[in-house]
Amino acid sequence: MAGYDLHTHSTYSDGVTTIEENVAAAAALGLEGIGITDHDTTAPFAVARAAAAAAGIEAVLGTEFSAEEAGISVHVLGYWVDPAHPPLAEELDRLRDERTDRARRIVARFQALGIPVSFDRVVALAGAAPIGRPHVAAAVVELGAAADLREVFDRYLADGGPAYVEKHAVAPERAVELLVAAGGVAVLAHPGLYGDRSGASGLPVAVVERMVAAGLAGIEAHHPDHTEEQRQHFAAVAAELDLVVTAGSDHHGRGAEDRLGRATTAREQVEALRGWRVD
Ligand code: AMP
Ligand code: ZN
Ligand code: FE
Ligand code: FE
């Protein structure tokens with residue numbers, strides 16, 4: 001299998017496999033490279049660089065950066081960012097604090113629903129990672145209040161669910177600006193998964209156009225949770241706007257279906273993305 005899986009998670013955020021395991025899995029599949037895209041952190045860069053060098057593949061170092069549009073979370077993948085760039089580093093710190101406060105409020109909602117999740121347990125499960133809903137969900141499963149993560153999301157934690165709390169973040173075009181200013185290349189993640197997931201289009205094209213004005217380079221039209229219709233729609237939007245079309249597995253290491261490498265980006269597209277670097 002050639003190409004790059006440009007969207008993966010590890011224990012540095014809400015994935016359950018380590019960076020070393022992900023890089024080894026990518027190499028074992030014969031991939032040319034792997035995108036390192038943990039949520040709101042650049043902490044795995046050094047470990048990923050070393051693991052990729054040892055495995056003889058390329059690590060495309062990045063982050064899946066949280067933004068917000070009309071109360072809905074929008075994710076922007078930022079590749080090759082300088083982790084020390086102050087405005088980006090400051091917003092990542094703020095997002096981490098925001099995630100901790102939000103987890104406390106989500107835990108309070110579960111408690112009000114009669115599910116006695118412990119905030120300390122959630123913090124322990126997250127370890128050094130920015131706290132995400134999957135960490136809270138794992139604590140709920142541990143309590144026996146649901147069979148698995150999927151059930152916790154379906155019953156309580158999905159966007160708009162009874163235990164859902166918004167994560168306040170910058171606007172999508174501001175996210176692009178921050179990533180580009182940090183020397184990165186910005187790609188809109190899974191545009192079909194925002195708002196009403198039943199629609200063919202997902203994120204309104206007007207929002208994508210604002211992001212383009214801020215320097216957006218690509219659209220992740222191919223995501224395992226996109227329908228064929230959504231893939232075609234967003235590939236057409238990308239073509240119309242002269243953007244690179246990317247693909248990634250969004251691997252979190254949860255179960256048989258969640259396989260690293262199940263969506264890959266050809267090297268030509270990765271080179272096209274690289275061409276968007278300004279530094
Ligand atoms: P957060 O960043 O805390 O809002 O959590 C977002 C993460 O939760 C995503 O990256 C997914 O891993 C997971 N997630 C979000 N919505 C769902 C859902 N409906 N079902 C399962 N997992 C989800
Ligand atoms: Zn995640
Ligand atoms: Fe995402
Ligand atoms: Fe992701």
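Odds and ends about this structure:
- Subset of the range 9-29 (residues that are open to solvent by 30 Å² or more (accessible area, probe 1.4 Å), more than 16 Å from ligand 1 (Cβ to nearest atom) and not acidic (Asp, Glu)): THR18, ALA24, ALA25, ALA27, ALA28, LEU29
- Matching residues, the range 64-96, being away from ligand 1 (no atom under 16 Å from the Cβ) and in a strand (DSSP E or B): TYR79
- Residue under evaluation ARG109, criteria (1) open to solvent by less than 30 Å² (accessible area, probe 1.4 Å); (2) farther than 17 Å from SER10 by Cα, criterion not met: (1)
- Candidate set from the range 237-276 (those that are more than 12 Å from ALA217 (Cα to Cα), more than 16 Å from ligand 2 (Cβ to nearest atom) and not in a helix (DSSP H, G or I)); member that is most open to solvent (accessible area, probe 1.4 Å): ALA256
- Filtering the range 214-224 to residues that are part of a loop (DSSP other than H, G, I, E, B) and crowded, with 21+ Cβ neighbours inside 10 Å leaves LEU216, ALA217, HIS223.
- Taken over the range 38-63, the criterion of being farther than 18 Å from GLY127 by Cβ and within 16 Å of ligand 1 (Cβ to nearest atom) is satisfied by GLY62 alone.
- Residue selected from the range 127-163 under the condition more than 9 Å from ligand 1 (Cβ to nearest atom), surrounded by 15 or more Cβ atoms within 10 Å (Cβ to Cβ) and touching a residue at least 12 places away in the same chain (Cβ under 8 Å), by the criterion farthest from the chain's Cα centre (by Cα): ALA145
Condition check ((1) within 14 Å of ligand 2 (Cβ to nearest atom); (2) in contact with a Leu (Cβ under 9 Å, 6 or more places away or on another chain); (3) closer than 20 Å to ALA266 by Cβ) across all residues:
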residue: GLY30; (1), (2), (3): no, no, yes
residue: PHE45; (1), (2), (3): no, yes, no
residue: ALA50; (1), (2), (3): no, no, no
residue: SER66; (1), (2), (3): yes, yes, no
residue: GLU69; (1), (2), (3): no, yes, no
residue: SER73; (1), (2), (3): yes, no, no
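- Per the listing GLU90, GLU32, the residue uniquely open to solvent by 60 Å² or more (accessible area, probe 1.4 Å) and either in contact with a helix residue (DSSP H, G or I) (Cβ under 8 Å, 6 or more places away or on another chain) or closer than 17 Å to GLY183 by Cβ (or both) is GLU90.
- Every listed requirement among (1) away from ligand 3 (no atom under 16 Å from the Cβ); (2) in contact with a strand residue (DSSP E or B) (Cβ under 8 Å, 6 or more places away or on another chain); (3) in a helix (DSSP H, G or I) is met by MET211 save one, (1).
- Here the range 225-236 is the region considered, the condition is being in a helix (DSSP H, G or I) and out of contact with any strand residue (DSSP E or B) (no Cβ under 6 Å at 6 or more places or on another chain), and the residue that is surrounded by the most Cβ atoms within 10 Å (Cβ to Cβ) is GLN230.
- Neighbours by Cβ (under 8 Å, 6+ apart or cross-chain): first from the range 238-254, free of Cβ contacts under 8 Å to residues at least 40 places away in the same chain and more than 15 Å from ligand 3 (Cβ to nearest atom); second in a strand (DSSP E or B) and open to solvent by 20 Å² or more (accessible area, probe 1.4 Å): ALA238/VAL245; ALA239/VAL245; VAL245/HIS222
The values are calculated or read from the model by the stated rules, or taken from the named source; none is laboratory data. What you see is a predicted model; the values in this text were computed from it and never measured. Virtual Cβ from ideal backbone geometry, glycine too; neighbours counted across all protein chains shown. Ligands, DNA and RNA are excluded from the accessible area calculation, which covers all protein heavy atoms including side chains. Shrake-Rupley method; radii C 1.70, N 1.55, O 1.52, S 1.80 Å.
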